[in-house]
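Participant: So that we are looking at the same thing, I have put the structure below in structure tokens.
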Amino acid sequence: MVTMFTRRVTSLSIGASLLLGLAGFHPAHAAPFMIVGNDEKVLWDADGKVVLSPAGKDSVLIVDLANPENPKIVANLPLKNSVVGPPVNVDIDPTGSVALVADSVDVAKDGDALKMSLDNKIYVIDMKANPPKLAGTVTGGKQPSGLSFSPNGKMALVANRGDNSISVLSVNGTDVKVTDTIAMGDSVSQVVFTPDGKRALATKFPAHKLSVLEINGDKVAYNKVDLMAGLWPYNVVVTPNGKLALTADNGNAGSSDGSVDTVSVADLDAKPPRFIDRVVVGDGPEGIAVSPKGNLAATAILRGSNMKNLFFYQKNGSVSILRIDGKKVTKTQDIEVGGLPEAVLFTPDGKYLLVGNYLNSDFSILKVNGTKVTDTGKRFKVPGHPASARMGH
């Protein structure tokens, strides 16, 4: 969230006790888990300008969603993460055994002032440990941001916004290594795999493009296939059948500006892939998610909710619901949530939708019935500002 550079920043020492406040964690049981990154270094003044706080209070949560209307925090790890960038700098692999957290930026004293700088670390969390724990740290490119595991969990890709590159990681349990770096020519904010694992899609945020990468075994190639997306594409998701990709086009370099923005629809069956539609949503789409059932998508809308003095300010953001019917995508609902909604995610059964409200330090819990979404009125409180979140499978 925020501007290009002011989008995701958090810091915490990884010494002392790595775990704070745990409930019994049993990774063998079948409950879905959510990983949440809380950034305690970035807030905004009434004009929407960033206000920095010293590093040291960020956290990463592992949340048990056996009962999505009553989530339980099972681990709280003091790991740096950030709201500078898209809310997808965390992920859990398809087997639920390992998680990754991108440490995008740092905040430190510069004379009398606090200053933000680019970081380059990726934290590896052992989800099989009881409770989950930090298993290692990988050095990647500058400002690692949106990342994703491959469908088989043996590879991960990380978008390095500060390096105009993508890091290729091999994943063997908690043994995670950088095996290649792909030059992208422009700054990339997120990268995600197609369900068959044969391609990946990367959002070129300031270039307004979606890039297609080809994957063959452990090799990743960028053959300069770029599609023109909407303005400032931040996140991208792919439908479960692999036929469509949807980009959340933020519209103003990471913040609201009072104007409507779009979700762009790409046809991945086409040769080469191409955008076939733009769906108008609200002001400043952030996170975007698609239901495992493939019939719905949702994107979080900022609505100027961190800019009290500006003409387009609204106290709360919203979530736009999009119905997917074949290759036709239509906005059907706009549901008010909390202040500065960032991450949005469906539970693995598609029956619930959770939206992380950064300013409220909570998640809105919405219920999904067919293609109709309703607010349960329940909120899941978290000990920090939820900057990012991702769902296990």
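The values are calculated or read from the model by the stated rules, or taken from the named source; none is laboratory data. Quick caveat: nothing in here was measured; it's all calculated off a predicted structure. Backbone-built Cβ (ideal geometry, glycine too); neighbour counts: all protein chains shown.
Participant: So which residues in region 339-366 are under 20 Å from residue 40 (Cβ atoms) and either of a type in the set (Lys, Arg) or over 15 Å from the mean Cα position of the chain (by Cα) (or both), if there are any at all?
Facilitator: If the condition is that a residue be under 20 Å from residue 40 (Cβ atoms) and either of a type in the set (Lys, Arg) or over 15 Å from the mean Cα position of the chain (by Cα) (or both), then 339, 359, 360, 361, 362 are the ones that fit.
Participant: Please count how many residues of region 155-200 are surrounded by 15 or more Cβ atoms within 10 Å (Cβ to Cβ), in contact (Cβ under 8 Å) with a residue 60 or more places away in the chain, over 18 Å from the mean Cα position of the chain (by Cα) and part of a loop (DSSP other than H, G, I, E, B).
Facilitator: Result for region 155-200: 1.
Participant: Where residues in region 94-138 are out of contact with any strand residue (DSSP E or B) (no Cβ under 8 Å at 6 or more places or on another chain) and within 21 Å of residue 83 (Cα to Cα), which of them is surrounded by the most Cβ atoms within 10 Å (Cβ to Cβ)?
Facilitator: 110
Participant: Within region 90-97, does at least one residue satisfy the condition of being touching a Leu at 6+ places or on another chain (Cβ under 7 Å), in contact (Cβ under 8 Å) with a residue 12 or more places away in the chain, outside any loop (DSSP other than H, G, I, E, B) and of a type in the set (D, E, K, R)?
Facilitator: yes
Participant: Still on this structure, I have one more. Yes or no: region 233-250 includes at least one residue that is crowded, with 19+ Cβ neighbours inside 10 Å and assigned to a loop (DSSP other than H, G, I, E, B). Don't jump to the end; show me each part of the working.
Facilitator: Going residue by residue through region 233-250, those that are crowded, with 19+ Cβ neighbours inside 10 Å are 233-239, 244-250.
Then keep just the ones that are assigned to a loop (DSSP other than H, G, I, E, B); that gives 239, 250.
Yes, region 233-250 has at least one match.
Participant: I would also like to ask the following. Considering region 44-82 alone, what residues qualify as being basic (Lys, Arg) and either more than 24 Å from residue 141 (Cα to Cα) or crowded, with 23+ Cβ neighbours inside 10 Å (or both)?
Facilitator: 49, 72, 80
Participant: State the number of residues belonging to region 201-225 that are part of a strand (DSSP E or B) and over 17 Å from residue 286 (Cα atoms).
Facilitator: 14
Participant: Residue 85 is checked against (1) surrounded by fewer than 20 Cβ atoms within 10 Å (Cβ to Cβ); (2) at pLDDT below 95 and fails just one. What number does that condition carry?
Facilitator: All conditions pass for residue 85, except number (1).
Participant: Further, regarding this structure: Only one of 360, 306 is crowded, with 19+ Cβ neighbours inside 10 Å, without any contact (Cβ under 8 Å) to a residue 24 or more places away in the chain and under 26 Å from residue 255 (Cβ atoms); which?
Facilitator: The match here is 360.
Participant: Inside region 296-322, can you point out the residues that are small (Gly, Ala, Ser), in a loop (DSSP other than H, G, I, E, B) and within 27 Å of residue 350 (Cα to Cα)?
Facilitator: The one that is small (Gly, Ala, Ser), in a loop (DSSP other than H, G, I, E, B) and within 27 Å of residue 350 (Cα to Cα): 317.
Residue by residue, here is whether (1) out of contact with any Lys or Arg (no Cβ under 6 Å at 6 or more places or on another chain); (2) modelled with pLDDT of 95 or more holds:
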position: 20; (1), (2): yes, no
position: 31; (1), (2): yes, no
position: 37; (1), (2): yes, yes
position: 41; (1), (2): yes, yes
position: 48; (1), (2): yes, no
position: 73; (1), (2): yes, yes
position: 79; (1), (2): yes, yes
position: 90; (1), (2): no, yes
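Participant: Moving on. Filter region 213-248 for residues that are under 16 Å from residue 301 (Cβ atoms) and among the small types (Gly, Ala, Ser) and give the result.
Facilitator: 230, 248
Participant: For the structure I just gave you, tell me whether residue 330 is within 14 Å of residue 371 (Cβ to Cβ) and of a type outside the set (A, V, I, L, M, F, W, C).
Facilitator: Numbers: within 14 Å of residue 371 (Cβ to Cβ): yes; of a type outside the set (A, V, I, L, M, F, W, C): yes.
Yes, satisfied.
Participant: Right, next: Any idea how many residues of region 259-295 are among the polar types (S, T, N, Q) and not in a loop (DSSP other than H, G, I, E, B)?
Facilitator: Result for region 259-295: 2.
Participant: Somewhere in region 381-392, is a residue touching a Leu at 6+ places or on another chain (Cβ under 9 Å) and hydroxyl-bearing (Ser, Thr, Tyr)?
Facilitator: For region 381-392, residues touching a Leu at 6+ places or on another chain (Cβ under 9 Å) and hydroxyl-bearing (Ser, Thr, Tyr): absent.
Residue-by-condition table, conditions (1) under 19 Å from residue 389 (Cβ atoms); (2) touching a Gly at 6+ places or on another chain (Cβ under 6 Å); (3) modelled with pLDDT of 95 or more:
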residue	(1), (2), (3)
237	yes, no, yes
262	no, yes, yes
267	no, no, yes
293	no, yes, yes
297	yes, no, yes
